[in-house]
1. Normalise the Cα radius of gyration of region A:1-104 by 2.2 N^0.38 Å (N = residues in it) and let me know the number.
2. For residue B:164, go 7 angstrom from Cα along the Cα-to-Cβ vector, then report the distances to that same point in the other copies in nm, smallest first.
3. Just to be sure I understand: chains B and A are related by a rotation, so which residue of B has its Cβ closest to that axis, and how close in Å?
4. Keeping all protein chains in the complex and leaving out DNA, RNA and ligands, what accessible area do you get for residue B:39 with a 1.4 Å probe, in Å² to the nearest 10?
5. Distances from residue A:73 to the same residue in each other copy, label points 7 Å out along Cα→Cβ, in nm, shortest first?
6. Can you pull the mean other chain C-beta count within 10 Å for peptide A:20-28?
7. Provide a whole-number value for the mean count of partner chain Cβ atoms within 10 Å of the Cβ atoms in peptide A:152-163.
8. Give me the inter-chain shielding for A:43-53: mean count of other chain Cβ atoms within 10 Å, whole number please.
Number of protein chains: 2
Amino acid sequence: MGPELEPGLGDVSAPARLADPGEGISREELALATRNHGLPLEALRYDVTPPGLHYVLTHYDIPETDAARWRLRVGGLVREPLSLDLDALRSLPALTVRVTMECAGNGRALLSPRPVSQPWLVEAVGTADWTGVPLRSLLAAAEVGAEAVEAVFTGSDHGIERGVEQDYRRSLPLGVATGADPPVLVAYAMNGGPLPPQHGHPLRLVVPGWYGMAHVKWLREITLTDSPFTGFQQAQAYRLRQTAADPGEPVTRIAPRALLTPPGFPDFMSRTRVVRPGPVRVAGRAWSGHGPVTAVEVSADGGRTWSDAVLGTSDGDHPWAWRRWHHVWTAVPGRHLLTARATDAQGGTQPLDQPWNRGGFANNLVQRVAVVCVDDAGPA
Amino acid sequence: MGPELEPGLGDVSAPARLADPGEGISREELALATRNHGLPLEALRYDVTPPGLHYVLTHYDIPETDAARWRLRVGGLVREPLSLDLDALRSLPALTVRVTMECAGNGRALLSPRPVSQPWLVEAVGTADWTGVPLRSLLAAAEVGAEAVEAVFTGSDHGIERGVEQDYRRSLPLGVATGADPPVLVAYAMNGGPLPPQHGHPLRLVVPGWYGMAHVKWLREITLTDSPFTGFQQAQAYRLRQTAADPGEPVTRIAPRALLTPPGFPDFMSRTRVVRPGPVRVAGRAWSGHGPVTAVEVSADGGRTWSDAVLGTSDGDHPWAWRRWHHVWTAVPGRHLLTARATDAQGGTQPLDQPWNRGGFANNLVQRVAVVCVDDAGPA
């Protein structure tokens, strides 16, 4: 390895690609899947997801942070730049919001062709109670200049992605950043306790209704700018593109989705579900970042025929959290494919065929759960 | 799907198999990887692993449990059968033990040929402070009969595996179950709080020094028997076999292993590490279920030459937890393969070539971390 072969950043970080037809999950995709994790679907039973069951995606490494010395700086086009420690943030009026958060790449590994990235099936979701300072209060205190159009959020996780060395950084349009509904939070607590390291300790952004990439973790800086942010995570990643050359539309709010808790019990390896004949309660959750969920339908024949599920009471206190639903299905011996489909107040619903883009983002294809009904005596 | 095609349990649950040469990770292996999760290796920095970063493997589903109505029964060959609720257990003298726990299948996905099961790379580990009642006290209170040879532990997770419908169930020889060093615990707290659902809420067995399969979660019954247990998880799974016909030896204690925190920063997709030239602190943890770790060596050339790492102070209070180590490596531009190797007080160490068996168990092949040292100006 003489100096003529010295590697550069471009040698460790390849462009995005699609898997070849029939190509199995690669070692690289597996390395992401063993680090990051989804919600085991039986955990849909909890209104608020217990720590360790909420999905997590970390782009680079979880940084080592020190809450006692942490500062959040608000700068750029502001008249009163801020530099706040945790005590200062905790002394401000706070808000707690229950938020269902979903990774924009949820469902990616089921797409064909498969975009090669974090290989989620359907489980990249979770719901938490986030407590923090409304971003609009901080921006008001900083006196944002009239020429500002965006707020750029910088996290402390550092890495290289598609050849670009970076700290994780994303922006929001000023209207979203200063909005009251949803209220964007600078959150310092999750489910009543300090943020766990993997959820952004000690501070993260929470943007109810938006996919996870907007909720910048390990938040250390907010910068007001007079032009739209063109950094990697905004202009290259998280775009809905059909071709590599397509500039695409940005990924923003969460598309409607219902998930069901797979009924019965699983086979360890195939995760196929086994039920015995008779009434089977099929329950789950549904959510949308575009408005309240107004209907969930269930199919036991892979989407040929549908029944209306019973929706849980609409919980006005938690408009940004998932909604409970259930349906009683009468199982008969044989193989079945259970499916659920959510519709929101905007009329948005879930497709039965994959909505494909090169990043595998915002894909809300219906979930399909293979169930085998076995007519034997059951366990002794 | 007429009655003549009605499926049975055998149709949903296939025998164990090895992946074909070059076969990618299957959808089934991926489904396990998205449910279960490892320790992101940067979390080796924490003495005690924060919730959500400790590895988790759930064979079936996380069961729904009710601590208020939970009972632990101790029966079989005892003179005084017990049925204890959580309050009764919490009123007994308790012990807190810091334990490094590792999945017996850690490293499986790196084996060739690859056993098809939960596809761990090297990250299926974590360390927690477990609090509970010493099992030997409970067995003493139950007055175990002289003819008893094993204690069988039954969890509440129900599923089917390789065609066998079962509750998860494992045994320990009576000498291990009643041992004081390590002390086996019936644990009701993890890191000072109630057990999280995925770690066995409200009760689990903790067997310091043994691989994870022994630490039965959602523990509801302990049965003393006069013959060795021959259930699925003891006699079929968790055996070290070279062929399918080989009865094999049981998997028991944890083989020595060192892991290093990958230095520098990662590429998102390949997880290749980037460092810049100069001194790089390489730090990690090492552990063994056979005795204290007495040496860790580090290699920056894939195992051709080795340097001794500096071991952290031996912590007599935590003999069943991992030990900290570090080494300063001087990085020069080019590609490097970092490796670490632990040796324990019994003289056990880690192989440079894979120790292979059909289940991919107890495989303590050295970790290899690809690092690229790039000689550029670095970030602005």
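1. Values: Rg = 21.2 Å, N = 104, 2.2 N^0.38 = 12.8 Å.
Working it through for region A:1-104, the quotient is 1.65.
2. 5.3
3. Nearest-to-axis residue on chain B, with distance in whole Å, is B:24, 1.
4. Surface accessible to solvent at residue B:39 totals approximately 0 Å².
5. 6.4
6. On the way: counts 0, 0, 1, 1, 9, 8, 4, 8, 6.
Going residue by residue through A:20-28 and averaging, the value is 4.
7. Values: counts 0, 0, 0, 0, 0, 2, 5, 8, 12, 4, 3, 1.
Per residue, the average neighbour count from other chains is 3.
8. Details: counts 5, 0, 3, 2, 0, 0, 1, 8, 8, 11, 7.
Taking the mean over all residues of the peptide, I get 4.
The values are calculated or read from the model by the stated rules, or taken from the named source; none is laboratory data. Because the structure is predicted, anything quoted here is derived from the model rather than measured. Note that we place each Cβ from the backbone using ideal geometry, even for glycine, and neighbour counts take in every protein chain shown. For accessibility, only protein heavy atoms count, side chains too; no ligands or nucleic acids. Shrake-Rupley method; radii C 1.70, N 1.55, O 1.52, S 1.80 Å.
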